[in-house]
Amino acid sequence: MTKDLIYSKPQEKVADFKFDQDVVAVFPDMIQRSVPGYSTIVDNIGLLAQQFAQDNSTIYDLGCSLGAASLSVRKYATANNIKIQAIDNSAEMVSRCKSHLAAFKSDIPVVVEQADVLETKIENASVVILNFTLQFIAPEKRQEVLENIYTGLNPGGVLILSEKVSLGHSTADESLIELHHEFKRRNGYSELEISQKRTALENVMKLESLPFHLNRLKQIGFTETLTWFQCFNFASMLAIKPLEN
């Protein structure tokens, strides 16, 4: 695993964060040292797919990065005749993801495609995964993405949505931000790295509150919504599409 040193040296002007070749090269180390509970979330995405994947359906991994969620689904899902459609808009991520997935044998086929989540048609889906993806989509486009997912989900299908969230209260937000920064310090990141990474993300990752996420999902039509995991300001939600009468 290549160590993440992208922000270890002072930068005269910190550029906006993007999933380029430099990030792809260190992504496994970056995500493990930056997102508390990431391994737990990914492992349980596979277990949720085991519960909710329907026979003869498609599982979508939107913003798949290096395919960690897809690998977890392939490890645990037991439904018959299912397939995975993994989508990412980064050519570098898609290339590396294909290599990662090819290294593990599975009876569940997966197609990895470079595409825009905004332009991806969801069809015959029983599970859709947005694992820290929606936060990188422009806020004014998020409703459209979620409505598209809801339309393409089969009755009884689920959306698994993981996001970095805000609390909507300055004192509480700052408390969780400090806990997160301490998490990163204990994982070896310097104050310079923490500061420069935060600057890089300011313009590309716009956070929404957890209640806002859950309320929007209900407004779209999901009848059951819950937060199944949260550590600091990182949360993963489950939204279930109702069965047809």
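The values are calculated or read from the model by the stated rules, or taken from the named source; none is laboratory data. All values reported here derive from a predicted model rather than from experimental measurement. Cβ atoms come from the backbone with ideal geometry, glycine included; neighbour counts cover every protein chain shown. Just so you know, the surface numbers come from the protein's heavy atoms only, side chains and all, with ligands and any DNA or RNA stripped out. Shrake-Rupley method; radii C 1.70, N 1.55, O 1.52, S 1.80 Å.
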The number of residues in region 162-173 that are outside any loop (DSSP other than H, G, I, E, B) and either open to solvent by 30 Å² or more (accessible area, probe 1.4 Å) or at pLDDT below 90 (or both) is 5
Residue match in region 138-149 (condition: modelled with pLDDT of 95 or more, open to solvent by 40 Å² or more (accessible area, probe 1.4 Å) and farther than 23 Å from Leu207 by Cβ): no
Residue that is touching a residue at least 24 places away in the same chain (Cβ under 8 Å), closer than 21 Å to Asp61 by Cα and touching a Ser or Thr at 6+ places or on another chain (Cβ under 9 Å), where the choices are Leu167, Leu217: Leu217
Looking at Asp22, Asp43, Asp55, Asp61, which one is within 22 Å of Phe136 (Cα to Cα) and free of Cβ contacts under 8 Å to residues at least 40 places away in the same chain? Asp22
Residues in region 56-64: is at least one of a type in the set (Asp, Glu), touching a helix residue (DSSP H, G or I) at 6+ places or on another chain (Cβ under 8 Å) and closer than 30 Å to Asn203 by Cα? yes
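So which of Leu226, Leu176, Leu214 is farther than 28 Å from Val26 by Cα, open to solvent by less than 60 Å² (accessible area, probe 1.4 Å) and either in a helix (DSSP H, G or I) or touching a helix residue (DSSP H, G or I) at 6+ places or on another chain (Cβ under 9 Å) (or both)?
Leu214
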Identify all residues within region 29-67 that are within 22 Å of Lys164 (Cβ to Cβ), of a type outside the set (Ser, Thr, Tyr) and either assigned to a loop (DSSP other than H, G, I, E, B) or at pLDDT below 95 (or both); write none if there are none. Val35, Pro36, Gly37, Gly63, Cys64, Leu66, Gly67
Just to be sure I understand the filter: pairs with C-beta atoms under 7 Å, separated by 6 or more residues or on different chains, first member in region 111-126 and farther than 17 Å from Ala79 by Cβ, second member open to solvent by 60 Å² or more (accessible area, probe 1.4 Å) and part of a strand (DSSP E or B). Which pairs pass? none
Can you name the number of the only condition in (1) of a type outside the set (S, T, N, Q); (2) open to solvent by less than 20 Å² (accessible area, probe 1.4 Å); (3) in contact with a Pro (Cβ under 7 Å, 6 or more places away or on another chain) that Ala125 fails? (3)
Scan of region 121-142 for residues that are in a helix (DSSP H, G or I) and hydrophobic (A, V, I, L, M, F, W, C), ordered by number: Leu134, Phe136
Among residues of region 72-84, those that are surrounded by 22 or more Cβ atoms within 10 Å (Cβ to Cβ) and either under 20 Å from Val24 (Cα atoms) or hydrophobic (A, V, I, L, M, F, W, C) (or both), counted: 5
List, please: which pairs have Cβ atoms under 7 Å, are six or more places apart or on different chains, and start with a residue in region 170-185 that is farther than 14 Å from Ser209 by Cβ and end with one that is assigned to a helix (DSSP H, G or I) and not hydroxyl-bearing (Ser, Thr, Tyr)? His181/Ile194; Lys184/Arg33; Lys184/Ile194
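Do you know which of the residues in region 102-115 that are open to solvent by less than 60 Å² (accessible area, probe 1.4 Å) and under 17 Å from the mean Cα position of the chain (by Cα) is nearest to Lys141 (Cα to Cα)?
Ranking the qualifying residues of region 102-115, first place goes to Ala115.
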Looking across region 1-32 at residues that are open to solvent by less than 60 Å² (accessible area, probe 1.4 Å) and aliphatic (A, V, I, L, M), the single one that is nearest to Thr199 (Cα to Cα) is Val14
Condition first: open to solvent by less than 60 Å² (accessible area, probe 1.4 Å), under 23 Å from Gly37 (Cβ atoms), in a helix (DSSP H, G or I) and small (Gly, Ala, Ser). Can you find one or more residues in region 192-206 that meet it? yes
